[in-house]
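Structure, as structure tokens:
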Amino acid sequence: MPEVKIFELGLKADQYIETAKQVKAEIDKLTESQNKLKKDSETANKEYIENEVALKSLKSQYNGLKKAIADQNVAKIKEKELTSLVNTEMKKEVNTINELASQNKRLNSIKKNL
């Protein structure tokens with residue numbers, strides 16, 4: 001029996017993952033800069049404060065991306081389970097239809113012989 005696609009989730013995991021990599025790289029750069037400024041005792045300067053604000057924003061964005069990736073993984077698992085259930089029910093339906101067709105042929109044959 002040919003496989004029929006009933007539905008498909010339009011989520012792109014690779015896009016989330018690639019964006020998360022980029023955000024993480026930027027977080028690492030800013031963290032390194034912050035550590036250098038901290039080491040040089042320049043925690044009160046403008047650059048340090050701007051970096052701190054940017055880090056907070058990037059970390060929030062990164063956490064959101066991680067959650068989106070996790071949610072997407074859960075959705076994929078649910079999609080696979082649902083697809084499996086739908087396929088199972090469709091196979092039962094096909095078997096039932098085939099059985100009914102076979103019974104109908106037998107009944108028609110008996111009817112002709114009467």
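The values are calculated or read from the model by the stated rules, or taken from the named source; none is laboratory data. Remember, it's a predicted structure, so these values are computed and weren't measured experimentally. No Cβ is skipped: glycine too gets one built from the backbone with ideal geometry, and neighbour counts run over all protein chains shown. Protein only, heavy atoms only, side chains kept; ligands, DNA and RNA dropped before computing areas. Shrake-Rupley method; radii C 1.70, N 1.55, O 1.52, S 1.80 Å.
Would you mind telling me which residue in GLN61, GLN22, GLN103 has the biggest mean-square fluctuation in a Gaussian network model of the chain, where springs connect alpha carbons within a distance under 10 angstrom?
Checking each option, the largest mean-square fluctuation is seen for GLN103.
Kindly report the accessible area of the chain per residue (heavy atoms of protein chains, probe 1.4 Å, no ligands, DNA or RNA), in Å².
That works out to 83 Å² for each residue.
Of ALA70, ALA20, SER41, which is farthest on the positive side of the dipole of region 12-85, counting Cα position, with +1 on Lys and Arg Cβ, -1 on Asp and Glu Cβ, and the Cα centre as origin?
Toward the positive end, the furthest listed residue is ALA70.
Taking 0.36 nm per residue of sequence separation and subtracting the Cα-Cα distance, how much length would be gained by fully extending the chain between MET90 and LYS56, in nm to one decimal?
This chain segment gains 7.2 nm when fully extended.
Please find the FRET efficiency linking LEU100 to GLU79, where r is the Cβ-Cβ separation and R0 is fixed at 22 Å, and quote it to the nearest 0.05.
Once rounded, the FRET efficiency stands at 0.10.
State, to one decimal in nm, how far the label point of GLU26 lies from the label point of LYS46, with both points 7 Å from Cα in the Cβ direction.
Using points 7 Å along Cα→Cβ, the separation is 2.1 nm.
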